[in-house]
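Worksheet: the structure to be examined is printed underneath.
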Amino acid sequence: MRIILLGAPGSGKGTVAEGLRSAYGFPKISTGDLLREAVREKTPLGLVAASQMGKGGLVDDATVLALLRERLARPDCREGYVLDGYPRNLSQADSLDALGLAGPEIVFDLQVSDEVVLERLANRRTCPNCEAIYHLVNKPPKKAGVCDVCGAALVQRNDDTPEVIRERLKTYHAKTEPLVARYAAKGDLHRIDGGRAAGDVIRDVRRILETALKGPARAGE
Ligand code: ADP
Ligand code: ZN
C-alpha cells in the first residue's frame, strides 16, 4: 500500500502522515525530512541539495530520487508507506510509477488557500532533531520553544520566511499542482479540505482509507 499526499507547503501533509503512522504504523517518508537530514550530515547529496532548498525551488530529481530509493529499500517500508512531499513534478511521478508497487496506491490532495499557507508557515516551528511540527497558536509545544517529543530547542525553518514561502507557493502551483489532474485521471485521487483542524482532516483521510482497504476484500468474499 502506497499513500501519496499531495498539497501545497503548509497544507498539512506532514501532520496527516504522522497521524497515519500512529494509527496504522505506516512509516512517514518525507523527502523534505530526508533532504534536511542529508544537509545536516553534509553528505555529498546533502551538499548539492542545500544550495537548492534555501531558495524555494525544487532540488533536482536525481538527488531526491536517490535519497528516496535508499529510504524505501529499508525493511519498514515493505508493507507500505506514506509519501509526504514526493512526487512534486510530473517526472517524479513517472519515476515513482517505475519503482513499482505490489499493493494499491491511494492519493490524497490536501486543498488549502494560499492565505492559509502563509498564516500557517509564519506560525510554524519545527524540531531540528526529530522533525516534529508545531504551530504557535493551534499546536503550541507544552513548554515554549522546546520539543514535546525529544526536548530539543525548536526552530523556525530557514525557508519559512515570507519571500521563500512565496517562491515555494509559486513552485507548487507551477510544478506540483498539475499532478492532481494526473492522479484524478488515474482514478485514485481523493480531494480533502485541508483548511480545517488537523484532527478533522486526519479523520476524513482515515475514513476514506479504511473504505478503500475494505472494498476489494469485500468484493472477493
Ligand atoms: P514544504 O512541503 O513545506 O515545502 P518540505 O519539507 O516538504 O516542505 O520541503 C522543503 C524543501 O525541500 C522544498 O522547498 C524543496 O526545495 C525540497 N524538496 C522536498 N521534497 C522534494 C522533492 N520531491 N523534489 C524536489 N525538491 C524537494
Ligand atoms: Zn523533537
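Every number here is computed from the coordinates shown, using simple stated rules; none is lab data. Quick caveat, the model's predicted, so the values are computed rather than measured. Heads up, the Cβs are rebuilt from the backbone with ideal geometry, glycines too, and the neighbour counts pull from every protein chain shown.
Which ones in the stretch 137-166 are away from ligand 2 (no atom under 16 Å from the Cβ) and part of a loop (DSSP other than H, G, I, E, B)?
Within the stretch 137-166, VAL137, ASN138, ASN158, ASP159, ASP160, THR161 meet the criteria.
Among the listed residues LEU90, LEU136, LEU118, which satisfies the condition of being on the phi < 0 side of the Ramachandran plot and more than 13 Å from ligand 1 (Cβ to nearest atom)?
Criteria check complete, one pass: LEU136.
Scan the stretch 17-37 and give yes if some residue there is within 12 Å of ligand 1 (Cβ to nearest atom), surrounded by 16 or more Cβ atoms within 10 Å (Cβ to Cβ), of a type in the set (S, T, N, Q) and within 29 Å of HIS190 (Cβ to Cβ), otherwise no.
yes
For the stretch 144-154, does any single residue satisfy the condition of being surrounded by fewer than 15 Cβ atoms within 10 Å (Cβ to Cβ) and of a type in the set (D, E, K, R)?
no
Residues that are under 15 Å from the mean Cα position of the chain (by Cα) and within 16 Å of ligand 2 (Cβ to nearest atom): find the helices (runs of 4 or more DSSP H) completely inside the stretch 11-81 holding 3 or more of those.
Helices (runs of 4 or more DSSP H) meeting the threshold: 13-24, 31-40.
Under 7 Å by Cβ, and 6 or more places apart or on different chains, what pairs join a residue from the stretch 144-171 that is within 14 Å of LEU58 (Cα to Cα) and within 12 Å of ligand 1 (Cβ to nearest atom) with one that is assigned to a loop (DSSP other than H, G, I, E, B) and among the aliphatic types (A, V, I, L, M)?
LEU169/ALA8; THR171/LEU58
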